[in-house]
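The values are calculated or read from the model by the stated rules, or taken from the named source; none is laboratory data. Worth saying up front: this structure is predicted, and the values here are computed from it rather than measured. Every residue, glycine as well, gets a Cβ built from its backbone with ideal geometry; the counts of neighbours run over all protein chains shown. All accessible areas refer to the heavy atoms of the entire protein, side chains included, with ligands and DNA or RNA removed. Shrake-Rupley method; radii C 1.70, N 1.55, O 1.52, S 1.80 Å.
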Amino acid sequence: MKSYRKELWFDTPSRIAFLNITPQIETCLLESGVREGLVLVNAMHITASVFINDDESGLHRDFESWLEQLAPHAPLGRYQHNRTGEDNGDSHLKRQVMGREVVVAITEGRLDFGPWEQIFYGEFDGKRKKRVLVKIIGE
Amino acid sequence: MKSYRKELWFDTPSRIAFLNITPQIETCLLESGVREGLVLVNAMHITASVFINDDESGLHRDFESWLEQLAPHAPLGRYQHNRTGEDNGDSHLKRQVMGREVVVAITEGRLDFGPWEQIFYGEFDGKRKKRVLVKIIGE
Amino acid sequence: MKSYRKELWFDTPSRIAFLNITPQIETCLLESGVREGLVLVNAMHITASVFINDDESGLHRDFESWLEQLAPHAPLGRYQHNRTGEDNGDSHLKRQVMGREVVVAITEGRLDFGPWEQIFYGEFDGKRKKRVLVKIIGE
């Protein structure tokens, strides 16, 4: 069994952002030499997500406004977590809706994807350096 | 390490549907010959889900009405994604709540499940052919 | 390829509870002897979750009140599932938001975590014995 590990770093200029990281994951897969197996891609921070959906900018704006409805950022006093001095109570909740991680099949050395699947980094408390972990196991 | 891959096809008569696909996954597991490992089951389309919950029809109606409250289908203009000519903005959001994939342990050649766990295909934009991927790795 | 399996049992005194189970998972990892691989941790019951977030009590109260807003427990008649004699329709929905499982990378014999990642058991219908499955594969 082969295994491979890489950290990807992100620093988004806005508090909320969605970045298509599929090309970086494909590069990792190539580096790993794995032809059959699984790749795990997860946010290493608890106010960010990794998820799979469509690379369409209108949809990303829909995600942002929908998540803001489900877990509004303001007023900050809405969240007990913010009494610790944080202002990211909403970010922890948004991340739960969108998920921490994806597991993707590797078949014949490629990400085994349907026609529109793309991997995104979802940032809900940006403007600072944060990491994504890529772990690949297989043969 | 063994690996196994299969696509399952679905074409639901309604826009929203929940199908128990546990028997098909059990058949895949038998075909794979894997006794110890993991099975990944994921929707290959970004307006559908694979999830684990209870096979109880009342609960499935609860899922449908709850998701409709969280991310209503209409009015279509509610979603920027629908300006692309699509009418499935809500389906992309519903799929995020229910999840893209499940990873299930394989122990002694069987799905290692609690008493009520069953695997479901969740369709949120049906009436057309769509796929689920089953990937098994192990020994 | 090595594989390892363990069941963890929980019986929470309240209907809703969040328990940090990271130490138990680290013990499992040590017992498994796996240095490189993946660990799957999943609720074996369909009204409970396993998820990764922050070990901060204010945030846990935020999770509880937020989930109660998204899927209120009462009135019980709100859920068709409760017509079966159950009173846990809301618990099945809350579990979908928080997720069934996490998959965590194992690197050099340790859980490959970011600075604040901790694994939680999320109980939404407690006051009885329920199980979590830990499955580890790797080398």
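Am I reading the B/C interface right? What is its buried accessible area, both sides, 1.4 Å probe, to the nearest 100 Å²?
Counting protein atoms only, the buried area is about 2600 Å².
So what is the relative contact order for the stretch C:2-138, in percent, with contacts set as C-alpha pairs under 8 Å and at least six apart?
Over the stretch C:2-138, the number comes to 55 percent.
If you take each beta carbon of peptide A:108-115 and count the beta carbons of other chains within 10 angstrom, what is the mean?
For peptide A:108-115, the averaged partner shielding equals 3.
For the stretch C:65-139 and the stretch B:48-102, compute the distance between their C-alpha centroids and round to whole Å.
One Cα centre to the other: 20 Å.
Using a probe of 1.4 angstrom, how much of the accessible area of chain B is carbon and sulfur, in percent?
49
How about residue C:2: which lysines have a C-alpha closer than 17 Å to its C-alpha, ignoring those fewer than 8 places off in the same chain?
Cα-Cα hits under 17 Å: A:2, B:2, C:135.
Considering the stretch B:38-103, what Rg and Dmax in Å follow from its alpha-carbon atoms?
That works out to 13.3, 42 Å for Rg and Dmax.
What percentage of all Cα-Cα pairs in chain B are separated by more than 28 Å?
Of all Cα-Cα pairs in chain B, 22 percent lie more than 28 Å apart.
Hey, could you get me the Stokes-Einstein D for the protein assembly as shown, Kirkwood radius over alpha-carbon pairs, 37 °C and 0.692 mPa s, rounded to whole µm² s⁻¹?
Roughly 154 µm²/s, to the nearest whole number.
Taking one equal scatterer on every alpha-carbon of the stretch A:24-64, how large is log10 of I(q)/I(0) by Debye at q = 0.31 1/Å?
Debye intensities relative to I(0), on a log10 scale: -1.07.
Which aspartates and glutamates have a Cα less than 16 Å from the Cα of residue A:6, not counting those fewer than 8 places away in the same chain?
The qualifying aspartates and glutamates are A:26, A:31, A:101, C:36, C:108, C:112.
When only alpha-carbon atoms count, how far does the stretch B:1-54 stretch along each of its three principal axes, as whole angstroms with the largest first?
Its Cα atoms span 39, 22, 16 Å along the three principal axes.
Where only protein heavy atoms count, and the probe is 1.4 Å, what is the accessible area per residue for the stretch B:2-138 in Å²?
37
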